[in-house]
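*Asks:* Dropping a structure here in structure tokens format, bear with me for questions.
What follows draws every value from the coordinates through simple rules; no lab data is involved. Keep in mind that this is a model prediction, so the values were computed, not measured. Methodologically, a virtual Cβ is constructed for each residue, glycine included, from the backbone with ideal geometry; neighbour enumeration extends over all protein chains shown.
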Amino acid sequence: MDGENSSIYIKTRKKGLKKRQPIPRTMLPIFALDIQPMKEWKLRYILKSICSKAEVRLPERAGWHSLRRRVVTDIYEKTTAKEMPIIAYFRWSNKQRHLSQLPTYAKSKVEESDRQILSEHPILKMWETIVPYLVKWHPEYSTNPKALQLYNEFYNEMI
């Protein structure tokens, strides 16, 4: 995590380069904890456990990837971002044949697509609402000095 530039670095699964992913300053406390990669079965188990506790019924065959699909679909449908900015934001390879020649000729800066998507992100407000509760009530966040510092720095600026 790079708190000064409000970004995180994500290790890619498919041998890609570790790339900088900007995040809004409001989200920095969430990334104060050391986030370790997980196997897909563990993600599926955690999602099903959370849904069960929240009394949310997952549709047949739904999993963590369904959430990712939903976010991509919402960004595509509810923002002005379309193919290339979405590809850049999610750090997907732009060398896929199904994109034809678009990536070859359409060159836009990743920072621009990041800024565009973050300014319109359909789920960001929900996460910003969750952060204060997470920092106050979740034992790993409420006792983590870095999470508390990042939270207090941002929210004290707002006062």
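*Asks:* For the pair residue 46/residue 77, report the inter-label distance in nm, with labels modelled 7 Å from Cα in the Cβ direction.
*Replies:* Result for the modelled spin labels: 2.7 nm.
*Asks:* At a Förster radius of 22 Å, what calculated FRET efficiency corresponds to the Cβ-Cβ distance of residue 146 and residue 124, to the nearest 0.05?
*Replies:* Values: r = 22 Å, r/R0 = 0.98.
About 0.55, to the nearest 0.05.
*Asks:* Follow-up. Taking the Cβ of residue 48 as the center, what net charge do the other residues with Cβ under 14 Å away carry, scoring Lys and Arg +1 and Asp and Glu -1?
*Replies:* Details: positive: 42, 44, 53, 57, 61; negative: 40, 55, 60.
Result for the local shell: +2.
*Asks:* Using the basic label-point model (7 angstrom from Cα toward the beta carbon), what is the residue 115 to residue 62 distance in nanometres?
*Replies:* 3.7 nm
*Asks:* Please order 10, 75 by the number of other Cβ within 10 Å, starting at the fewest.
*Replies:* On the way: 10 14, 75 22.
Final ranking by Cβ density, sparse to dense: 10, 75.
*Asks:* What ranking do 74, 114 get, fewest neighbouring Cβ atoms within 10 angstrom at the top?
*Replies:* Placing the least packed residue first, the sequence is 74, 114.
*Asks:* Same structure, new question: Can you sort 65, 138, 121 so the residue with the fewest Cβ neighbours within 10 Å comes first? List each step's numbers first, then the result.
*Replies:* Values: 65 12, 138 15, 121 19.
The order, fewest Cβ neighbours first, is 65, 138, 121.
*Asks:* Can I ask one more? Please give me the summed charge of the neighbours of residue 66: other residues whose Cβ is under 14 Å from its Cβ, Lys and Arg +1, Asp and Glu -1. Display every interim value, and only then the final one.
*Replies:* Numbers: positive: 44, 48, 57, 61, 68, 69, 70; negative: 40, 60, 74.
So the environment of residue 66 carries a net charge of +4.
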